[in-house]
Structures are given as structure tokens and as C-alpha cells.
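Data first, discussion second: the structure below is written as C-alpha cells.
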Amino acid sequence: MLHPVNSIRQDHPLCSNGNNQIETKDRKFHLVMQPDGNLVIYSGPHYPANSLWASNTDGKGHGPYRLIMQGDGNLCIYDSHSVCTWSSGTHGQGIKGNYSAKFRKGQLLVLDTAKQIMWTSKPSNKSNLLLGSSACAPSPAFPHHQPVVPQPVIPQPAYPHHQQPGFPSGYPGSAYQPVSPYSQPAYPQPGYPSFTATKKW
């Protein structure tokens, strides 16, 4: 069944058990919230070979499912237990206020209040795109800029974790060699009697 408008808002979700699809004005492309939980864009009839993009959420959660544009800027799929199975990753991004999701020319777009594109279902060459971050499940689609997550730098100790016998304290072990008790000169030592046998004639 066709959704009444070509946009998805808080008060106009796309439901797998009701108004489950949106089509473009020329009727070439369809956005379908399928009963299996997968959100798919088709070019023409709804055959797998005609799919242009999918959320890859088939079988996740429990149906029926709904696609909803949240007030925080995130476009999400929820199952019947209100578990989020997919999101656009645009939570809190862009100019806050009146977020919307549009279906145009075979692309699903998430827009902020100023109609700037925060996310799209396929790459675009536009330069006014904003960065999103997921507040639910990671998005299997294409955010315009992948966020760079800094990796923690773990400092390496300049000194050995345990001072070895023979290493002066406070210096790297590689600068000194351990003193082995077996490297001492052999007996006899000065002051010790000699056990050299005296030759008798």
C-alpha cells in the first residue's frame, strides 16, 4: 500500500503492515518497508535484481516494523518491541528543529531544518553534507563522511617492568648486562690455602 506522501516524519511512519511503500512521482523507484524487516529501494518491480539499496535488516527483531523520522534527527527502523534494528546515524546532527526524510529520484535522504542533506542511501557529490553518528545500530548505508575515531595511545615504559638483578635502578636494562655469580674468578683466592700437591722425592 502506498504511503500518502513522499516524506517520512514523526507523524508519518512507514509501516510494514500498512502504508509500507513510497514511490517517486515518475513511479520508477519505490522505497519499501518489507514484512521481513528489510528497508529496500527498488527500481521497477520488487524483485531482488531490481534492488538499489537495502538496510540489510531482514530477519532482525520481530515484526511488524516501522520506519520513523525521530525528533532528534535519526531515521530509525523499530520492530514490534520498539527495538531499533537500523538507523541513519544522524542523531543530534545538523540544524535542529524540523528534521525530515525524503525519497527523491531513487534516493532516501535525511534532511535537517535548513534542508541540508545529513545522510543519503548512496554517495553524492554535494559539498554541503553533514556528519552523522549512530545512536542505535550502525548504518549499513553511506554516511557522507566517515567519522575518524581517535585510538588511545598507550605509552610504552622506558624502563623494564621489573628491575633485574645486576641492573642499576633507574636505567634501561639494555644499557647494562646482568652480573652473573658464575662470572667471578675461580678459586683459589688470596688468603685461601693452596691445595696444590707437594711433590715428594
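The numbered conditions (1) touching a Ser or Thr at 6+ places or on another chain (Cβ under 9 Å); (2) without any contact (Cβ under 8 Å) to a residue 24 or more places away in the chain; (3) buried (at least 19 other Cβ atoms within 10 Å of the Cβ) are all true for F29 except (2).
Among the numbered conditions (1) at pLDDT 95 or above; (2) touching a Phe, Trp or Tyr at 6+ places or on another chain (Cβ under 9 Å), the only one that K105 does not meet is (1). Residues of segment 37-59 that are within 24 Å of the chain's Cα centre (by Cα), part of a loop (DSSP other than H, G, I, E, B) and surrounded by fewer than 18 Cβ atoms within 10 Å (Cβ to Cβ): N56, D58, G59. Identify the single condition in (1) in contact with a Pro (Cβ under 9 Å, 6 or more places away or on another chain); (2) within 28 Å of G92 (Cα to Cα) that I8 does not satisfy, given that it satisfies every other one. If we test I8 against (1) in contact with a Pro (Cβ under 9 Å, 6 or more places away or on another chain); (2) within 28 Å of G92 (Cα to Cα), just (1) comes out false. Hey, among the residues in segment 60-77 that are in contact with a strand residue (DSSP E or B) (Cβ under 8 Å, 6 or more places away or on another chain) and part of a loop (DSSP other than H, G, I, E, B), which one's surrounded by the fewest Cβ atoms within 10 Å (Cβ to Cβ)? Restricting to residues being in contact with a strand residue (DSSP E or B) (Cβ under 8 Å, 6 or more places away or on another chain) and part of a loop (DSSP other than H, G, I, E, B), the top hit is P64.
Screening segment 78-99 for residues that are among the small types (G, A, S) and surrounded by fewer than 18 Cβ atoms within 10 Å (Cβ to Cβ) and picking the one that is modelled with the lowest pLDDT gives G97. Only residues that are over 29 Å from the mean Cα position of the chain (by Cα) and not in a strand (DSSP E or B) were counted across segment 12-36, and they come to 8.
The values are calculated or read from the model by the stated rules, or taken from the named source; none is laboratory data. Since the model is a prediction, treat every value here as computed from it, not as a measurement. FYI the Cβ positions are ideal-geometry reconstructions off the backbone, even for glycines, and counts take in every protein chain you see.
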